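J.: Sharing a structure here in structure tokens format.
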Amino acid sequence: MALNLSQKQEVVAELAEVASKAHSLVAAEYAGITVSQMTAMRKKARESGVYLKVVKNTLASRAVVGTEFEVVKDALTGPLLYAFSTEEPGAAGRLIKEFAKGNDKLKARVVSVEGKLLPAAHVDVLASLPTREQALAMLARVLAEPASMFARAVKAVADKQGGGEASAEAPAAETA
């Protein structure tokens, strides 16, 4: 079904809005994907904070103008689906990588992060980025480490000085 001019403008505006806020983009070839596979991918995309859209490359090229994804304009050829990570930078990469395992016809063609056009093979690197929860857990561990190191150092000094707090209390008990 062909889109009229106002529908095309709506698609470009919607895509531009998403691109202006997205963390990363993965464009992938999808020719040969079944309707049920595409439906499953769209469902998973919604659950993982990925905006997934099949749109003409000319409309996508117009939509990314003025965003950090403008670098991909010349690489958009052939039938592509666009996966924008809206919540976590690695979400689109994980989605495409996961569905490509079960379907050899789904192939990443373009990867873009932070205004850089990366080779398609970087979808694995993008997919390996930690989720928000994983990143917060790593941060908590990093922030807790100095306190635990300090506690271990105090304990080591106390042990070296003759048993720590227990030996400090013993002389007080003898004099009482």
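The values are calculated or read from the model by the stated rules, or taken from the named source; none is laboratory data. Quantities reported herein were computed from a predicted structural model and do not represent experimental measurements. Here Cβ is always computed from backbone atoms with ideal geometry, including for glycine, and neighbour counts include all displayed protein chains.
J.: Go over the candidates GLY93, GLY49 one by one and state the one that is at positive phi, at pLDDT 90 or above and under 16 Å from the mean Cα position of the chain (by Cα).
T.: GLY49
J.: Within region 16-29, can you find the residues that are more than 16 Å from the chain's Cα centre (by Cα), surrounded by fewer than 21 Cβ atoms within 10 Å (Cβ to Cβ) and in contact (Cβ under 8 Å) with a residue 60 or more places away in the chain?
T.: If the condition is that a residue be more than 16 Å from the chain's Cα centre (by Cα), surrounded by fewer than 21 Cβ atoms within 10 Å (Cβ to Cβ) and in contact (Cβ under 8 Å) with a residue 60 or more places away in the chain, then GLU29 is the only one that fits.
J.: Next up: Give region 53-95 a look and list any residue that's among the charged types (D, E, K, R) and assigned to a strand (DSSP E or B), or say none.
T.: LYS53
J.: On the given criteria, is VAL64 among the β-branched types (Val, Ile, Thr), at pLDDT 80 or above, in contact with a Ser or Thr (Cβ under 6 Å, 6 or more places away or on another chain) and within 17 Å of LEU15 (Cα to Cα)?
T.: For VAL64, the condition - among the β-branched types (Val, Ile, Thr), at pLDDT 80 or above, in contact with a Ser or Thr (Cβ under 6 Å, 6 or more places away or on another chain) and within 17 Å of LEU15 (Cα to Cα) - is not met.
J.: On to the next question. Which residues, taken from region 92-106, are of a type in the set (A, V, I, L, M, F, W, C) and surrounded by 19 or more Cβ atoms within 10 Å (Cβ to Cβ)?
T.: Scanning region 92-106 gives ALA92, LEU95, ILE96, PHE99, LEU106.
J.: I would also like to ask the following. Quick one: ARG46 ticks every box in (1) in contact (Cβ under 8 Å) with a residue 24 or more places away in the chain; (2) more than 18 Å from VAL12 (Cβ to Cβ); (3) not in a loop (DSSP other than H, G, I, E, B) bar one, so which box is it?
T.: Exception for ARG46: condition (1).
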